[in-house]
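Report on one structure; see the data block that follows.
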Amino acid sequence: MASSSVNLEEIPSESLMNELLRRMKCAPKPEKHLILIGPPGSGKGTQSPIIKDEHCLCHLATGDMLRAAVSAKTPLGIKAKESMDKGELVSDDLVVGIIDEAMKKPSCKKGFILDGFPRTVAQAQKLDEMLERQGVKIDKVLDFAIDDAVLEERISGRWIHPASGRSYHTKFAPPRVPGVDDVTGEPLIQRKDDTAAVLKSRLESFHRQTQPVINYYSKKGIVATLHAEKPLSDVTDEVRKVLS
Ligand code: AP5
């Protein structure tokens, strides 16, 4: 079996200290299992890193995972690319498989944020089966409610850092240096599906296939509806209230 040991001497002291402090801060936090649902551009990817840091959760974004697979040209990426380019959903089996695997990561010990999954009722039912096997329950579903009319401006001004999934916006959340990620200094890119034409098809998929997922969880009494059209920091405040 291959050894995965890390030589701690090679890791800078500052990184080690920061990781130790993070673990001390996280130790008393209760487990949380969250789902974020909303149309493209509603702010799921923007709020996720904040929730992740505050509650010590892992952030599992199926869109980010699929884009990584597409750019690495893995068999999964090759299968997913055509649907993603058109703004259609990829098959339920593909995404269920990647989520099942991703949830086993050590960073998910305190729970997870599912961002962009489940997106169909069939995915929600499969997730229920997966979680039942693990003895885990979803605590909250955050519904990023927003009018479609707001989304085109959000999507057309978005720039992302592909490695981390961090989102910026030329008007609403500009990076410190235009075109450059604040944390790593690496270049930002625009997503291939962030065009007005593809957005139309992504919104159509959302209303037809994903909206029913909100009803599915409403029946379980765990949905919190957010005013996602509000400014970024107001949405963060709403999320904090819901999760406190
Ligand atoms: P995915 O990557 O999940 O895309 P999406 O759901 O369309 O969501 P977005 O990432 O576009 O929006 P977001 O809500 O994260 O917005 P953000 O925070 O960046 O999926 C892509 C594709 O993968 C799908 O089309 C499908 O093909 C496939 N796929 C993924 N999951 C799948 C699944 N489960 N099943 C099948 N197929 C799947 O915000 C947008 C912009 O607005 C940013 O620039 C941000 O800075 C700005 N902003 C955010 N909040 C505010 C605010 N409050 N005020 C002003 N600006 C704001």
Filter the range 197-224 down to the residues that are open to solvent by 70 Å² or more (accessible area, probe 1.4 Å) and part of a loop (DSSP other than H, G, I, E, B), then identify the one that is nearest to Lys241 (Cα to Cα).
-> Lys220
Filter the range 105-143 for residues that are assigned to a loop (DSSP other than H, G, I, E, B) and either within 12 Å of the ligand (Cβ to nearest atom) or β-branched (Val, Ile, Thr) (or both); which is nearest to the chain's Cα centre (by Cα)?
-> Gly116
Subset tally (residues that are part of a strand (DSSP E or B), more than 8 Å from the ligand (Cβ to nearest atom) and either of a type outside the set (Gly, Ala, Ser) or out of contact with any Gly (no Cβ under 9 Å at 6 or more places or on another chain) (or both)) for the range 144-196 | 5
Those residues of the range 22-43 which are open to solvent by 100 Å² or more (accessible area, probe 1.4 Å) and either farther than 23 Å from Val136 by Cβ or in contact (Cβ under 8 Å) with a residue 60 or more places away in the chain (or both), in sequence order | Met24, Glu31
Which residue pairs have Cβ atoms under 7 Å apart, sit 6 or more places apart or on different chains, and have a first residue in the range 164-190 that is under 22 Å from Asp234 (Cβ atoms) and open to solvent by 40 Å² or more (accessible area, probe 1.4 Å) and a second that is not hydrophobic (A, V, I, L, M, F, W, C) and not in a loop (DSSP other than H, G, I, E, B)?
-> Arg166/Pro49; Pro174/Tyr168
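Could you check the range 225-235 and list, in sequence order, the residues that are surrounded by 17 or more Cβ atoms within 10 Å (Cβ to Cβ) and either β-branched (Val, Ile, Thr) or free of Cβ contacts under 8 Å to residues at least 60 places away in the same chain (or both)?
First, pick out the residues of the range 225-235 that are surrounded by 17 or more Cβ atoms within 10 Å (Cβ to Cβ): 226, 228-229, 235.
Scanning the range 225-235 gives a single hit, Val235.
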Which of (1) open to solvent by 50 Å² or more (accessible area, probe 1.4 Å); (2) in a helix (DSSP H, G or I); (3) free of Cβ contacts under 8 Å to residues at least 12 places away in the same chain does Gly77 not meet, given it meets every other one?
-> (1)
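Working carefully through the options Val90, Val96, find the one that is assigned to a loop (DSSP other than H, G, I, E, B) and out of contact with any Asp or Glu (no Cβ under 6 Å at 6 or more places or on another chain).
Values: Val96 fails: assigned to a loop (DSSP other than H, G, I, E, B).
Testing whether each residue is assigned to a loop (DSSP other than H, G, I, E, B) and out of contact with any Asp or Glu (no Cβ under 6 Å at 6 or more places or on another chain) leaves just Val90.
For the range 1-71, please list each of the helices (runs of 4 or more DSSP H) lying entirely inside it that holds at least 2 residues being within 16 Å of the ligand (Cβ to nearest atom). Walk me through how you get there before you give the answer.
On the way: elements: 13-26, 44-55, 62-71.
Result: 44-55, 62-71.
Could you list, in sequence order, the residues of the range 82-108 that are without any contact (Cβ under 8 Å) to a residue 60 or more places away in the chain, surrounded by fewer than 16 Cβ atoms within 10 Å (Cβ to Cβ) and farther than 18 Å from His207 by Cα? Break it down stepwise before answering.
Here is the first cut: in the range 82-108, the residues without any contact (Cβ under 8 Å) to a residue 60 or more places away in the chain are 82-83, 90-108.
Restricting the remaining residues to those that are surrounded by fewer than 16 Cβ atoms within 10 Å (Cβ to Cβ) gives 82-83, 91, 93, 97, 100-101, 104-107.
Matches in the range 82-108: Glu82, Asp93, Gly97, Asp100, Glu101, Lys104, Lys105, Pro106, Ser107.
The values are calculated or read from the model by the stated rules, or taken from the named source; none is laboratory data. Source: prediction; values computed, not measured. Cβ atoms come from the backbone with ideal geometry, glycine included; neighbour counts cover every protein chain shown. Please note that ligands, DNA and RNA were not included when accessible areas were found on the heavy atoms of the full protein model with its side chains. Shrake-Rupley method; radii C 1.70, N 1.55, O 1.52, S 1.80 Å.
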